[in-house]
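> One structure coming up, written as structure tokens, with questions to follow.
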Amino acid sequence: MSTLMRPRKVATDFPVRRSSSRRAGSRGAHKGLLFALPFLLGFLATYVVPIGYAFSQSMREKKSSGLGFGPSRVVFTGFANFAAILGDGDFWSSMLRTLLFGAAQITVMLGLSLLLALLLDGVAARAVRFFRAALLIPYVVPAVVSTVMWLFLYSPTGSPLLDLAHRAGTEVDFFGGINTYLSLGNLLTWQGIGFNMILISAALQALPRELYEAARLDGAKEWRIAWSIKVPNITGILVLTGMFSLIGRLQLFSEPLLLRQIAPESINTDFTPMMEIYDKAFKTGDYQYAAAESLVLAVVTGILAFVFYRVTNRKMS
């Protein structure tokens, strides 16, 4: 008679090992949390807490008692500020004005940056380093300093450009109507063209040179290589610079605020959404409404940046 012998269970210390590995994993997680703790505290203090405070203030309003003659107090009103912003024509007009201006200015700035990067890609390395450093200088200069410099050049009194135009027998007005947008766009393009050119140029340098050599052997001209090989392979950096530029335009503040000193009739207090928020908070004193406008601007900026990224990425693919 055959007997089936069950294999004897072999004593193993696997549960013990698994338990010890769990304890080791737990200790590692705790150590990792300790390393990340300074970043988490900084993130909470500089991002989460200010946004939470702004949201808390946006749910309140300052009201006066006694037919407006009594002391004012801040009361909870829920989403009343957000409902008022939906019908605030000045706020949405400043948003639309900034978007249309940004669409035109960003297109010109990135087009010039791309053209300069393509030109630099075809010259010697020593010349590339020189022109990169020269074109990056406007970006290194603080925005306030460069704006004050252009404010002097645009000034109706004492501008050397106006003096030259007057000697040539012509009169130039840098502000009023479309000239206001051209002057501001010129300033912003001058500030950002070098930085964007550096990013595009770095993307061009990363492309394999064998592609160019193969195209030249096939008889392709330099402009054909640039249009059919270089530009299609750097669309990723073009989308990235375009998205960052769009976010920057919606946050436009210091440049028009300083130019307003010499052209208050052309640049009003709600020329951009940020100027509108600044005016509400520090001139009108309505901090609660300004906090609600800030949150609405942040949400709109995030949505537009996301849509821009998805649409341009879909076209690329």
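The values are calculated or read from the model by the stated rules, or taken from the named source; none is laboratory data. Keep in mind the model is a prediction, meaning the values are calculated, not measured. Here the Cβ positions follow ideal geometry from the backbone for every residue, glycine too, while neighbour counts run over all protein chains shown. Note: areas computed on protein heavy atoms with side chains; ligands, DNA, RNA excluded. Shrake-Rupley method; radii C 1.70, N 1.55, O 1.52, S 1.80 Å.
> For region 223-270, name all the residues that are without any contact (Cβ under 8 Å) to a residue 40 or more places away in the chain and open to solvent by less than 10 Å² (accessible area, probe 1.4 Å).
Scanning region 223-270 gives ILE225, ILE234.
> With SER64, SER113, SER94 as the choices, which residue is in contact with a Ser or Thr (Cβ under 8 Å, 6 or more places away or on another chain) and without any contact (Cβ under 8 Å) to a residue 40 or more places away in the chain?
After ruling out the rest, the residue left standing is SER64.
> Let me ask something else about it. Please determine, by comparing only the residues of region 177-217 that are open to solvent by 60 Å² or more (accessible area, probe 1.4 Å) and part of a loop (DSSP other than H, G, I, E, B), which one is farthest from ILE137 (Cα to Cα).
Filtering first and then ranking leaves PRO208.
> Restricting the search to region 218-248, which residues are outside any helix (DSSP H, G or I) and at pLDDT 90 or above?
ILE234
> Every residue in region 129-168 that is closer than 14 Å to PHE195 by Cα and surrounded by 13 or more Cβ atoms within 10 Å (Cβ to Cβ), please.
Passing the criteria: PHE131, ARG132, LEU135, LEU136, PRO138, TYR139, VAL141, ALA143.
> Taking the residues in region 271-286 that are of a type in the set (Asp, Glu) and surrounded by fewer than 21 Cβ atoms within 10 Å (Cβ to Cβ) as candidates, determine which candidate is nearest to the chain's Cα centre (by Cα).
The selected residue is ASP279.
> Which condition number in (1) under 30 Å from VAL75 (Cβ atoms); (2) open to solvent by less than 20 Å² (accessible area, probe 1.4 Å); (3) out of contact with any Leu (no Cβ under 7 Å at 6 or more places or on another chain); (4) aliphatic (A, V, I, L, M) is the one that VAL296 fails?
Of (1) under 30 Å from VAL75 (Cβ atoms); (2) open to solvent by less than 20 Å² (accessible area, probe 1.4 Å); (3) out of contact with any Leu (no Cβ under 7 Å at 6 or more places or on another chain); (4) aliphatic (A, V, I, L, M), only one is false for VAL296: (2).
> For region 62-72, indicate whether the set of residues that are in contact with a strand residue (DSSP E or B) (Cβ under 8 Å, 6 or more places away or on another chain), modelled with pLDDT of 80 or more, closer than 24 Å to GLN288 by Cα and open to solvent by less than 50 Å² (accessible area, probe 1.4 Å) is non-empty.
no
> Scan region 48-61 and tell me whether some residue there is part of a loop (DSSP other than H, G, I, E, B), farther than 23 Å from LEU199 by Cβ and open to solvent by less than 90 Å² (accessible area, probe 1.4 Å).
Checked region 48-61: at least one residue is part of a loop (DSSP other than H, G, I, E, B), farther than 23 Å from LEU199 by Cβ and open to solvent by less than 90 Å² (accessible area, probe 1.4 Å).
> Here's another thing I want to ask about it. Quick one: count up the residues across region 250-293 that are part of a loop (DSSP other than H, G, I, E, B), of a type in the set (Ser, Thr, Tyr) and within 29 Å of GLY78 (Cα to Cα).
Selection size over region 250-293: 2.
> So the check is Cβ under 6 Å with 6+ separation or different chains; which pairs have a first residue in region 135-158 that's closer than 30 Å to LEU120 by Cβ and among the aliphatic types (A, V, I, L, M) and a second one that's at pLDDT 85 or above and open to solvent by 50 Å² or more (accessible area, probe 1.4 Å)?
LEU153/LEU161
> What residue, of LEU96, LEU114, LEU44, is open to solvent by 90 Å² or more (accessible area, probe 1.4 Å) and modelled with pLDDT of 90 or more?
Of LEU96, LEU114, LEU44, the one residue that is open to solvent by 90 Å² or more (accessible area, probe 1.4 Å) and modelled with pLDDT of 90 or more is LEU96.
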